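These notes are about the structure you will find just below.
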Amino acid sequence: MIALVDLDSLKKTVKETVDEKRPILEDIARYLYENPEIGSEEFKAYAKITKILEDNGFNVEKGVYDMPTAFVASYKGKSDGPRVAVLAEYDALPGVGHGCGHDLIAASAVGAGIAASKAIGELVGEVLVIGTPAEEGHGPSAGSKVIMANKGMFDDIDGVVMLHPSTSWGVGNQALGISKCKMVFKGQTSHAAASPHLGKNALNAATLAYMATHMLRQEAKRDANLVIHGIIEEGGEAMNIIPDRAVLDFGVRSSDQEYLDEMVDKVARCGEGAAHAMGVEVEIEKKRFYASKKLNYPMVRTLWQNYKDLGAPVKDWEESVQAMPMASTDYGDVSQKTPSAGSYIGIAPPGTPGHSLQLAQASVTKEGLEAMIVGTKALGMTLVELLAKPEILKEAKEYFDSH
Ligand SMILES: [Zn+2]
Ligand SMILES: [Zn+2]
């Protein structure tokens, strides 16, 4: 007779390991806080984290996909099987250090990975800690998760989890996809008074395109959280010369990736139409930055339940998945490739701004570190649960394929 896996005792091992490793995890957070490094330059953080994972028996592949501060650390159970991952971020921001709290993301991912590794000896499968640099978009590794996602990193991973510091607790929040649409209008200069009839005004075309883009809002899909924001980057050299060049740069965001792609095409159409009307040329560059988050309810429910069991004050997940998405993240691209769940841990009072010195400081307070420990346990318990109960991964995959 096959012995049934006692999930509760595996989760107990996870919790005990996190408590035991707490000094190491708090040290990661403090070290990163004191040594903030911007994206693609997180060499100190990278060295520290990979060393700790190696010391704990992980096989660490370094500098993956030609990104010097990216890594994949893995730990196998009793044989090959499903692969589940937790993602680490460790880049800071100019001026405000760890004002986005990525010091705690790093600590929690390392802790969750190590804690899970201690519990999976009898399980089939593998736990990975993936080091994803430059989430804030600086340097050649900017948006590293997009690079990894496009290169197939997540194609053979069955489930991904992570956390992010915030001012409240939640699991399963949406995120906006963001794409760029840049328009370069080219006309003909001419004396604005003496020979306007010989000019082709690129700024007029840009203005028309700018207004036409605004008019798209009237017909916006109401449940897709559309945001369009843009600037006039160039609009002429001198007021007595008809401008032969004008540049518009738009950011387009939505929680619905398909709709986002459709809207970017419509914004581009405004540029083409305006150019046609004004008789100038236009070059349009459309570029995807971060995809929207594809929510996976079976993954969200599982992670949420573990937070709940730990007594964390998490909002009901049904509420979180309905909440209005505010920001964009390269985790969105991961969620478009494989079942995933993200979570927020409350480290600072509501009203504390993101990307601020206050949030950075909160990450190393007693409360901030305690929240990180709770989050670490929830992530670790979830990794183990996914391997111990393959039916959850199966359900997550079915959900992923049908949404
Ligand atoms: Zn940020
Ligand atoms: Zn962040």
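Computed from the coordinates by the stated procedures, all read-outs in this text should not be read as laboratory data. No experiment lies behind these values; they were computed from the predicted model shown. Neighbour counts run over all protein chains shown; Cβ positions are idealised from the backbone, glycine included.
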*For the chain, what are the per-bin percents of Cα-Cα distances with bins 20 Å wide, up to the bin holding the maximum?*
27, 49, 19, 4, 0
_Run the Debye formula on the Cα coordinates of region 81-187, all scatterers equal and no solvent, and tell me log10 I(q)/I(0) at q = 0.14, 0.18 1/Å._
-0.68, -1.04
*Lys/Arg Cβ at +1, Asp/Glu Cβ at -1, dipole of the chain taken about the Cα centre: which of HIS355, ILE130, PRO23 is farthest positive-ward?*
HIS355
*Is there a pair in LYS151/LYS186; LYS337/LYS377; LYS62/LYS397; LYS48/LYS389; LYS78/LYS377 whose C-alpha atoms are over 27 Å apart, and which pairs would that be?*
LYS151/LYS186; LYS62/LYS397; LYS48/LYS389
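Give me the dipole magnitude in Debye, nearest 20, for the chain about the Cα centre, with unit charges on the beta carbon: positive for Lys and Arg, negative for Asp and Glu.
Rounded to the nearest 20 debye, it is 260 debye.
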*asked:* Give me the percent relative contact order of the chain, please, defined on Cα pairs under 8 angstrom at least 6 residues apart.
replied: 23
*Name the lysines eligible as straight-distance cross-link partners of LYS221: C-alpha to C-alpha under 24 Å, and not fewer than 8 places from it in the same chain.*
LYS180, LYS182, LYS266, LYS286, LYS287, LYS293, LYS294
*asked:* Using a Gaussian network model on the chain with a 10 Å cutoff between Cα atoms, which of ALA109, ALA175, ALA323 fluctuates the most?
replied: ALA323
*Helix by helix, which DSSP H runs in the chain go 30 Å or more along their axis at the Cα atoms and have an average Kyte-Doolittle hydropathy of -0.5 or more?*
257-278, 366-388
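Which whole-number percent of Cα pairs in region 179-251 have a distance greater than 15 Å?
57
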*Name the residue, out of THR352, THR329, THR382, whose mean-square fluctuation peaks in a Gaussian network model built on the chain with Cα pairs under 10 Å.*
THR352
*Can you give me the Cα centroid spacing of region 177-227 and region 239-296 in angstrom?*
9
*Counting DSSP beta bridges with both partners in the chain, what percentage is antiparallel, nearest 5?*
70
_Equivalent ellipsoid dimensions for region 309-360 as semi-axes, Å, which come from the Cα gyration tensor, largest first_ = 21, 17, 11
